[in-house]
Amino acid sequence: MIIDTNVSLGCWPFQSLLLGTPSKLNAHLKKEGISLAIVSSIDAILNRDIDFCNKQLIKQVEEYPSLVPVMVINPVLANWKENLIEYTQLTKTNAVKIYPAFHSYSLSSKYMEPLMLELKTLNMSLMVQVRIEDDRTQFPAMQVPAIGLNEIIEFSLAYPENNIECLCLNSSEAITILNETKNVFVDISYIDGLNCLPNLIEKTSEDRILFGSHSPFLYIESAKMKTLYKEIPNNVRNKICSANILSFLQINDISNLANL
């Protein structure tokens, strides 16, 4: 079983995405052997009405039980808490996603403490989108830098009881963060280099690495190939592809997330 923790649905103004409908995305994921995907709304990144985008996503994927929506939260907005409480009734995903770089706040800002305390109370995890595109390929008029390593590390140390997944870290970033924190998980979408995943496993913790493709921005095939190195034992491969997500989401059984 492969559970993809980094999938998006919607339109992106700077790139033609070929999986912009739930039916196309679902068919592609099934073809690639993905059993379950945690999906967020691309539209919620740039649309001012994030709540509308979240609820639209819920409607879009309701016919596809293997597409599990995760809601985007902007803690700068006045009604984020009311929205969060509502989302806990609308979705099974025991997490929310944030885009600090795109929504113009830092992880050290005053807006983060109330959110982290509320997530702790609700026993929910946090997904942080570190980057969406490679810095070298961003549209010239919209350059959005990735979240810095020190910012992530200081943030995780400030909230040691919250589970945090950092999406789209490169190999050196992931190694540093996994070794300097206890509560941060990383996905493998941007892990690169020779023997990239065996090297990451050897230098860090196999228990906090999650499968993530960053589809449709990146190819699922690329993420899958990273798990196929012969140096990776089957039990470790299973952890990365599916089992570790239970720890991240703080649930006991994957059936709590979706009906497979």
_If I go through region 85-117 residue by residue, how many of them are more than 18 Å from the chain's Cα centre (by Cα) and among the hydroxyl-bearing types (Ser, Thr, Tyr)?_
5
*asked:* For region 202-231, give me each residue that is more than 16 Å from Met1 (Cα to Cα) and either among the hydrophobic types (A, V, I, L, M, F, W, C) or in contact with a Ser or Thr (Cβ under 6 Å, 6 or more places away or on another chain) (or both).
replied: His214, Phe217, Leu218
_I'd like to know if region 209-224 contains one or more residues that are assigned to a loop (DSSP other than H, G, I, E, B), without any contact (Cβ under 8 Å) to a residue 40 or more places away in the chain and surrounded by fewer than 18 Cβ atoms within 10 Å (Cβ to Cβ)._
yes
_If a residue must be under 22 Å from Asn47 (Cα atoms) and either assigned to a helix (DSSP H, G or I) or out of contact with any strand residue (DSSP E or B) (no Cβ under 8 Å at 6 or more places or on another chain) (or both), how many such residues does region 103-126 contain?_
8
_Members of region 62-74 found to be under 10 Å from Thr91 (Cβ atoms) and among the hydrophobic types (A, V, I, L, M, F, W, C), listed by number_ = Val68, Val70, Met71
*Extreme residue, surrounded by the fewest Cβ atoms within 10 Å (Cβ to Cβ), among residues of region 68-104 that are in contact (Cβ under 8 Å) with a residue 60 or more places away in the chain and of a type outside the set (D, E, K, R)*: Asn94
*Among what's in region 1-41 and is among the hydroxyl-bearing types (Ser, Thr, Tyr) and either loosely packed, with under 13 Cβ neighbours inside 10 Å or not in a strand (DSSP E or B) (or both), pick the residue that is modelled with the lowest pLDDT.*
Ser16
*Within region 59-75, can you find the residues that are in contact with a helix residue (DSSP H, G or I) (Cβ under 6 Å, 6 or more places away or on another chain) and part of a helix (DSSP H, G or I)?*
Gln60, Val61
*Met142: assigned to a loop (DSSP other than H, G, I, E, B) and aliphatic (A, V, I, L, M), yes or no?*
yes
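The values are calculated or read from the model by the stated rules, or taken from the named source; none is laboratory data. All of these numbers come straight from a predicted model, not from anything done at the bench. Because the Cβ atoms are built from the backbone with ideal geometry, glycine has one as well, and the counts that use them run over all protein chains shown.
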